[in-house]
1. Which members of the stretch 70-92 meet the condition of being part of a loop (DSSP other than H, G, I, E, B), more than 20 Å from N160 (Cβ to Cβ) and in contact with a strand residue (DSSP E or B) (Cβ under 8 Å, 6 or more places away or on another chain)?
2. In the stretch 65-84, which residues are among the charged types (D, E, K, R) and open to solvent by less than 40 Å² (accessible area, probe 1.4 Å)?
3. Whether any residue in the stretch 81-96 is modelled with pLDDT of 90 or more and farther than 24 Å from D199 by Cα is what I want to check.
4. Give the residues of the stretch 190-208 that are open to solvent by 60 Å² or more (accessible area, probe 1.4 Å) and not in a helix (DSSP H, G or I), sorted by residue number.
5. When you scan the stretch 26-66, how many residues do you find that are in a loop (DSSP other than H, G, I, E, B), under 18 Å from N195 (Cβ atoms) and in contact (Cβ under 8 Å) with a residue 24 or more places away in the chain?
6. Of everything in the stretch 170-189 that's modelled with pLDDT of 90 or more and open to solvent by 10 Å² or more (accessible area, probe 1.4 Å), which residue is nearest to F73 (Cα to Cα)?
Amino acid sequence: MKKFLTIIVLGLLFSGDAYADNLPTKLFGIEIYGNIEDYAKKDSGKKYPNRKGIISFNESEYKFFNITRSNLFDKYMLRSDEEFKILVITGGFQFLVLNKYDRDMPRCRHYKNEFIKMISNDAHYDVNQNSFKQKYYKADYKSNHMIIDSSQLSYRKKFNKLILQVYCVYLPISGGTEKQDGVQTILYFTLMDKNYFKDYTLKLWKEIDDFEKERLFKSITGYSDDKNFR
């Protein structure tokens, strides 16, 4: 698994040569602040009331083009402003929906931490893994509390402020019976404009402390005693 993650990080995520004193301006070969038309059909984007002035693009109808796809991530998402300047680049991998009988399924946080180690150990990628800050958030989603376990790094590139984020999303799901109750778990890797993060993401996500984080995790059916889940 470690060798596989190393190949993913070195060979796929960052397009072009990276200098030791630089942090990325690209993810999956997509340039932050680039034009959306270089990667997606601009009329395929959608606007949402909770993100005014922002256009969201995914691959539900059209595949993105001119991107470097990863074997680790199976979904991609872009967000731009109304002038089609890219502000968010995201790749995601959805784990199987877990129920309390699936004790041996892979855990998102393990993958997140291993992923950050691989990035930090890349000789062409100048970052200390301790520079990533650990944060926990919650957000309302379809009457459930979505829990976000985030490791994030803020940095400057010329006059721009960016955030590189690796995070797990946990969404409790009720299927109507005890056996169907489970958790939808997604690992995301994101490069985004820091102003977007402050003006949009943090208006939807509320940062929580350790006490509330533990309470929310323990409320998920079947995982109250599973430390690997956390």
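1. S70, L72, F73, D74, listed by residue number.
2. R79, D81
3. Yes, the stretch 81-96 contains at least one residue that is modelled with pLDDT of 90 or more and farther than 24 Å from D199 by Cα.
4. K206, E207
5. Count: 6.
6. We begin by selecting, within the stretch 170-189, every residue modelled with pLDDT of 90 or more; these are 186-189.
Retained after the next criterion (residues that are open to solvent by 10 Å² or more (accessible area, probe 1.4 Å)): 186, 188.
Details: I186: 10, Y188: 8 Å.
Filtering the stretch 170-189 for residues that are modelled with pLDDT of 90 or more and open to solvent by 10 Å² or more (accessible area, probe 1.4 Å), the one nearest to F73 (Cα to Cα) comes out as Y188.
The values are calculated or read from the model by the stated rules, or taken from the named source; none is laboratory data. All values reported here derive from a predicted model rather than from experimental measurement. For neighbour counting, all protein chains shown are included, and Cβ atoms are generated from backbone atoms with ideal geometry for every residue, glycine included. Calculation scope for accessible area: heavy atoms of the full protein, side chains included, ligands and nucleic acids excluded. Shrake-Rupley method; radii C 1.70, N 1.55, O 1.52, S 1.80 Å.
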